[in-house]
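Colleague: One structure, as structure tokens, below. Some questions next.
The values are calculated or read from the model by the stated rules, or taken from the named source; none is laboratory data. Please read these numbers as outputs of a predicted model, since none were measured by experiment. All Cβ positions, even for glycine, are placed from backbone atoms using ideal geometry, and neighbour counts span all protein chains on display.
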Amino acid sequence: MSDPATFQALARTAQDIAETRGSNTKIDICAYYFRSIEKTDDLQKAARFLGEGAFTRKSGRHASVGGRTVGGCAARFAEIDYDKVFKPCRTATGSTSETIEKLLRNIPEARKKRRAGELTLKAVEEIFFDLYKNRKRRIKQQILTDAWKQMSALEIKYFIRVLRQGSLRIGFEAKSITKAIAEAYEKDLDEIRHVHMLTGSIGETAVLARNDQLQKAQFELHQPVSFMLASAIETRSVDNYDAYLAEEKFDGMRAQVHVSHQKVTLYSRDLNELSQTFPEIPTFFLSRKTPSMVMDGEICVYKDDIIQPFQLLQKRMGVKKPDRLLLRQYPVLFISYDLLYLDGNPLFDRTLMERRKQLLEVAENHEIPYTSQYSVESQKDVDRLFQRAVDHGNEGLMLKDKESVYEYGKRGKSWLKVKEPGGSLDTVILYAHAGSGKRGGTYSDFTLGINVRDDERYEEEFIPIGKAYGGYTDDELHQLNDRISELTVARYGPTLALEPSLMVEIEFDDIQVNKRTKAGYTLRLPRFRAIRWDMDTNDADTLKNVEALYRQKLNKSRKKQGNNPSFRFKPEE
């Protein structure tokens, strides 16, 4: 291995992890890499780059480098036409970073400009900070160009992925990195997970583990905590319903609110701050004069005693400074269902019933909306409550184990979601993407298309509507891969373009407007329902079908909360 404190070593480690199938072996690779790093500062950066991105989440910093900026820079670097060459390649691979790596590795003009300089992790951190400080596209592209001249194609791919603050897409997420930290420094995994939750930083967690200082980690307000996650009830058996409480699963957006003195911050499920997007929520909590606390809950558009469709909430999402008209048209409410911290005391290790008791006291004393909860004893109770939730326009039910602690960042049996699919579509496979980890060596991710042959808005026959990577059996995946080899018309690195032939019925949770896509819509959590070997591509659903489904969900009748509301709240007169 080259000097572990270089970005080249980090990129090579990430690629080794991506090319490795076994989870334990991936963890071994990462643990060995961490142990090989000598300096504490370099370890902090390495863990952060692998697990969080260019900046820690709690820093609130983002480089704000868009796809057009990165793509345009790469096109100029490789001396190719952006619209005629780069964009088609990007469409085919489905990945900006993958496209740029292959172009800069294989085009002679791009190779001549690069002289790998073994940039240190510190030097790359400074480049990220320069991108954060500068707002003009021209300057950002110059910074990118100067950096790429000193990097290999592999480094550039991971530079882009780290920059985006998202997954490195190597089959190795934050929970695996915490396991690698535990293995590297021989620490208890639960303690590592707890410290990661408290610090909100994977890099800081690694440093504390290395220095035997885990006990120094403390929870801080206005530092978001990883959310507890739920499993679908069909994937978990329920032995005794009376161990659970039921509450309605709202048609809204998961959020966490932190309150202290004269400060209120609101965070999304991906731990980004939402305070400016929904300013009425911080204002609401400030007016309540509550104790210092952290609540877990849901943001919903609430109007005329009805929780409105998620599609209306979308009109507020992403708007950093909503005007008065938007605030009036789509008023939102934060509905609490868990209390994680109160008056200097973290409550994560308390049972749901203990947390619930304190939540009710705070919510009722300060007039804060909170969920209604119901005891269940049988499937009949679940069915009855589920139907009432659907009548309210909500997604379904949540079943929560009464004795469960708050298992931050973890998906288990303690919280179960009971819901029906939002709809289904018959689609055609347009692209097959190579899998990683356990699915390495197969094509397991699929870009699915809908029919626009007779749609005057398009010249193509099919356009993408979603990407699915689950819902099939191992046998079906093998059958698909056998058929894919016969239908491949072009290869773009890990992506195959296919002759439109294979039909798949997919189900999804919802349809969302997304003007950045060719269809104008995105499917929420699409997955295979059935491979339709018997169907012809002429049977594929059309964009007009998608639009009709969207309107149908938007206009679906919803009952007022009435005498059996899904949440409790007495608004001011």
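Colleague: Out of the residues in the stretch 468-492 that are touching a residue at least 60 places away in the same chain (Cβ under 8 Å) and buried (at least 16 other Cβ atoms within 10 Å of the Cβ), state the one that is nearest to the chain's Cα centre (by Cα).
Modeller: So the residue we want is Ala468.
Colleague: From the list Pro291, Pro331, Pro309, pick out the single residue that is in contact (Cβ under 8 Å) with a residue 12 or more places away in the chain and in contact with a Phe, Trp or Tyr (Cβ under 9 Å, 6 or more places away or on another chain).
Modeller: Result of the check over Pro291, Pro331, Pro309: Pro331.
Colleague: Take Ser404 and tell me if it is surrounded by 18 or more Cβ atoms within 10 Å (Cβ to Cβ) and touching a Lys or Arg at 6+ places or on another chain (Cβ under 9 Å).
Modeller: Against the criterion (surrounded by 18 or more Cβ atoms within 10 Å (Cβ to Cβ) and touching a Lys or Arg at 6+ places or on another chain (Cβ under 9 Å)), Ser404 qualifies.
Colleague: Another question, then. So which residues in the stretch 499-538 are under 23 Å from Tyr443 (Cβ atoms), over 21 Å from the mean Cα position of the chain (by Cα) and either of a type in the set (Phe, Trp, Tyr) or in a helix (DSSP H, G or I) (or both)?
Modeller: Matches in the stretch 499-538: Trp533, Thr537.
Colleague: Scanning the stretch 439-466 for residues that are surrounded by fewer than 16 Cβ atoms within 10 Å (Cβ to Cβ) and closer than 19 Å to Gly171 by Cα, which turns out modelled with the highest pLDDT?
Modeller: Checking each candidate, the answer is Gly441.
Colleague: Taking Ile29 as meeting all but one of (1) touching an Asp or Glu at 6+ places or on another chain (Cβ under 9 Å); (2) surrounded by fewer than 21 Cβ atoms within 10 Å (Cβ to Cβ); (3) within 13 Å of Ile160 (Cα to Cα), write down the number of the exception.
Modeller: Checking Ile29 against (1) touching an Asp or Glu at 6+ places or on another chain (Cβ under 9 Å); (2) surrounded by fewer than 21 Cβ atoms within 10 Å (Cβ to Cβ); (3) within 13 Å of Ile160 (Cα to Cα), the one that fails is (3).
Colleague: With the checklist (1) at pLDDT 95 or above; (2) surrounded by fewer than 18 Cβ atoms within 10 Å (Cβ to Cβ); (3) more than 28 Å from Leu266 (Cα to Cα) in hand, flag the one item Asp130 doesn't pass.
Modeller: The number of the failed condition is (3).
Colleague: Moving on. Taking the stretch 261-274 on its own, how many of its residues are surrounded by fewer than 16 Cβ atoms within 10 Å (Cβ to Cβ) and modelled with pLDDT of 90 or more?
Modeller: The qualifying residues number 1.
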